[in-house]
């Protein structure tokens, strides 16, 4: 079976986990701090804060930028449901906006039309690792004085052309960027997340909120020469990353440039091989974006049934996934009014298929994926 994805881990990650385990400090501690510092350097951000997942990162980001009960937050429905759920965690309402059909990312024109007096923030998703049109989205956000949170769950290592220079997603170009280290992402800590921002006041809030609102960190208490009593001035959360995860993350981060380069080569090979499949839509990068190719998504020819194609490929030993889900179609959001039509989001979910792509994938494996897809589409 050719899997949809496979974590790129080996002996260095195993040794890193062992190092943390044997150190005696396994919860949030020195390894987390070192991972944060290394990640901030890697993306060019002044500050980074490690947390337990990208979902918790999004929740904290929205709280810090000021989202409160009764507010509205503009989000794509065409995203993993965690994007919308994080808005609900704040007691706010996700306002679903359609995507651009060629990029699978938020349409800036539709975003601008959707702003209301209740709009408090915007979440811009870099879907499947392809950067969204941040320049236009940030311009809209600034025009309406809205904070913009980047859902960069899939985008570690992706780049955007910004003021004539290639810059890494996470700098951040909006206000706060949130990353995921789930096993299906380019780098993984088993699970985990990271926030980056340029504002030190927000970073202080993030670090308190992730640890129950505690006024003093464990590391500070541990290193103190006098007795320190902590205080809890606000309600916080247990959103910490462990030192075991962070130790693995440090090794993964060292491999990130090479992993992205390999995935870009795999994507180029797919692009060449898939030209033999008639009427298949292949993903394209705009000239101002470089994807890390966290996923490779194709649009099926008109009239070809998605489920039948996926089943035929599974029977041939190839795992796939359907197009990115639409949150507004799930029962959790079915009762919420839908003020804006989402035809491109729904078409992408129903007519797209994600193909296997992972570090170490062979030429023969890619050829088999393409052959099984071609056969399934012509049946």
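Couple of notes before you dig in:
- Test: residue 169 is touching a residue at least 24 places away in the same chain (Cβ under 8 Å), surrounded by 16 or more Cβ atoms within 10 Å (Cβ to Cβ) and either in contact with a strand residue (DSSP E or B) (Cβ under 8 Å, 6 or more places away or on another chain) or assigned by TED's automatic domain parsing to the domain that holds residue 323 (or both): yes
- The sole residue among 221, 255 that is within 24 Å of residue 290 (Cβ to Cβ) and surrounded by fewer than 21 Cβ atoms within 10 Å (Cβ to Cβ) is 255.
- Extreme residue, surrounded by the most Cβ atoms within 10 Å (Cβ to Cβ), among residues of the stretch 238-252 that are in contact with a helix residue (DSSP H, G or I) (Cβ under 6 Å, 6 or more places away or on another chain) and in a loop (DSSP other than H, G, I, E, B): 241
- Considering each residue of the stretch 44-55 in turn, at least one proves to be surrounded by 22 or more Cβ atoms within 10 Å (Cβ to Cβ), in a helix (DSSP H, G or I) and on the phi < 0 side of the Ramachandran plot.
- Meets criteria (surrounded by fewer than 21 Cβ atoms within 10 Å (Cβ to Cβ), in contact with a helix residue (DSSP H, G or I) (Cβ under 6 Å, 6 or more places away or on another chain) and farther than 12 Å from residue 73 by Cβ) for residue 101: yes
- The set of residues in the stretch 73-92 being surrounded by fewer than 20 Cβ atoms within 10 Å (Cβ to Cβ) and over 20 Å from residue 194 (Cβ atoms) consists of 81, 88, 91.
- Taking the stretch 114-132 as the range and being in contact (Cβ under 8 Å) with a residue 40 or more places away in the chain and more than 21 Å from residue 68 (Cβ to Cβ) as the test, the residues that pass are 125, 126, 127, 128, 129, 130, 131.
- Filter result for residue 184 (in the same structural domain as residue 127 (by TED's automatic domain parsing), at pLDDT 95 or above, surrounded by fewer than 20 Cβ atoms within 10 Å (Cβ to Cβ) and outside any helix (DSSP H, G or I)): yes
- Some residue of the stretch 287-295 being within 18 Å of residue 131 (Cα to Cα), touching a strand residue (DSSP E or B) at 6+ places or on another chain (Cβ under 7 Å), outside the structural domain of residue 184 (by TED's automatic domain parsing) and surrounded by fewer than 20 Cβ atoms within 10 Å (Cβ to Cβ): yes
- Beta carbons closer than 9 Å, at least 6 apart along the sequence or on distinct chains, never pair a first residue in the stretch 212-231 that is under 16 Å from residue 51 (Cβ atoms) with a second that is in a loop (DSSP other than H, G, I, E, B) and at pLDDT below 80.
- Subset tally (residues that are part of a loop (DSSP other than H, G, I, E, B) and either within 8 Å of the chain's Cα centre (by Cα) or on the phi > 0 side of the Ramachandran plot (or both)) for the stretch 157-180: 4
- Residue count, the stretch 62-96 (criterion: in contact (Cβ under 8 Å) with a residue 40 or more places away in the chain and closer than 13 Å to residue 120 by Cβ): 16
- The residues listed here are 155, 141; of these, the one that is crowded, with 16+ Cβ neighbours inside 10 Å, closer than 25 Å to residue 181 by Cα and in the same structural domain as residue 93 (by TED's automatic domain parsing) is 155.
- Applying the set (1) in a loop (DSSP other than H, G, I, E, B); (2) under 30 Å from residue 281 (Cα atoms) to residue 68 leaves exactly one unmet item: (2).
- Of all residues in the stretch 18-39, those satisfying the criterion of being surrounded by 20 or more Cβ atoms within 10 Å (Cβ to Cβ) and under 24 Å from the mean Cα position of the chain (by Cα) are 28, 31, 32, 35, 36, 39.
The values are calculated or read from the model by the stated rules, or taken from the named source; none is laboratory data. Since the structure is predicted, the reported quantities are computational estimates derived from the model, not experimental observations. So basically every Cβ, Gly included, is an ideal-geometry build from the backbone, and we count neighbours across all protein chains shown.
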